[in-house]
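Peer 1: Just dropping this structure here.
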Amino acid sequence: MTAFGIRRLLTGAILGLGVALVAAAPTHAEERIYDPSSGSWITYDPARLGQGTTSRNTVPKKFRKTIVDYPTDEAPGTIIVDTQEKFLFLVEPGGKAIRYGVGVGKEGFAWAGQTKIGRKAEWPSWTPTKNMIKRDPELKKYAGGMPGGINNPLGARALYLYTGGRDSLYRIHGTNAPWSIGQNVSSGCIRMNNADVEDLYTRAKVGAKVVVRHNPGQVSSL
């Protein structure tokens, strides 16, 4: 065989191998997120979310932080969550609001009502309930609390929602899965990208009013 023929044979083999590798390579990666409310791991496929991104490290463009016109009778400092549109608004003076994208309760876990921020925590610890441990015995190792950190399901910050002076067990908290923002992903907690919840944490005050809105008849009341 001539040198030219050998080169053609090798080139064809390399190209064929490349096609085979491309065909075999996964086009997306499934992500498993721990849902602290339900005490279970949930699998999502970012490539099939249809919210403008397939990146595991990017908040969909629609849900990135921005300042918007937002006329309302609520006082500045009030937090309003629209669970249908997946937005959280921090009311600002002059008919404006800071709008953040959020992840909210999945079907059957959505809720609406008025509450307030009872306390706040940086890099909060998380403790599974007895029912969570019963469903997943491996969580027993966290019975004394999971220390705050990058792998903690509450993310970088948590704002604890209180009603009637008691912890409602709902939180506005961070997540390490920014692509999940804009989805029905939780068991009722309001999930934010870590950078956004850190920003909200610096602005929102303990005692601030929180209003969670949804279509009547579709959700439970707080």
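Derivation of every value follows stated rules applied to the coordinates shown; laboratory data play no part. Bear in mind that the values here come from a model prediction, so they are computed numbers and not experimental data. Glycine gets a Cβ as well: all are built from the backbone with ideal geometry, and neighbour counts include every protein chain shown.
Peer 1: So which of LYS65/LYS141; LYS62/LYS130; LYS65/LYS116; LYS116/LYS140 end up more than 29 Å apart by C-alpha?
Peer 2: With Cα atoms farther than 29 Å apart: LYS65/LYS141; LYS62/LYS130; LYS116/LYS140.
Peer 1: Between GLN114 and LYS141, what is the label-to-label distance in nm when each label sits 7 Å out along the Cα-to-Cβ direction?
Peer 2: About 4.5 nm separates the two model spin labels.
Peer 1: Got a sec? How would LYS120, LYS130 order by Cβ neighbour count within 10 Å, fewest to most?
Peer 2: Ascending number of Cβ neighbours within 10 Å: LYS130, LYS120.
Peer 1: Along the charge dipole of the range 63-222, which of ALA195, ALA208, GLY118 sits closest to the positive end, that is, farthest toward it, with unit charges on the beta carbon of Lys, Arg, Asp and Glu (+1, +1, -1, -1)?
Peer 2: GLY118
Peer 1: Order these by the 10 Å Cβ neighbour count, fewest first: THR66, THR163, THR78.
Peer 2: Details: THR66 12, THR163 16, THR78 20.
Neighbour counts put them in this order, fewest first: THR66, THR163, THR78.
Peer 1: May I pose another question? Would you calculate the separation in nanometres between label points at ASN131 and GLN84, each defined as 7 Å from the Cα along the Cα-to-beta-carbon direction?
Peer 2: In this crude spin-label approximation the distance works out to 2.8 nm.
Peer 1: Continuing with this model, one more query. So how do ARG171, ARG64 line up by other beta-carbon neighbours within 10 Å, fewest first?
Peer 2: On the way: ARG171 26, ARG64 16.
Fewest to most other Cβ atoms nearby, the residues stand as ARG64, ARG171.
Peer 1: Which FRET efficiency value, to the nearest 0.05, do you get for GLU92 and ILE150 by plugging their Cβ-Cβ distance into 1/(1 + (r/R0)^6) with R0 = 41 Å? Spell out each step's value before the answer.
Peer 2: Values: r = 31 Å, r/R0 = 0.75.
Calculated transfer efficiency: 0.85.
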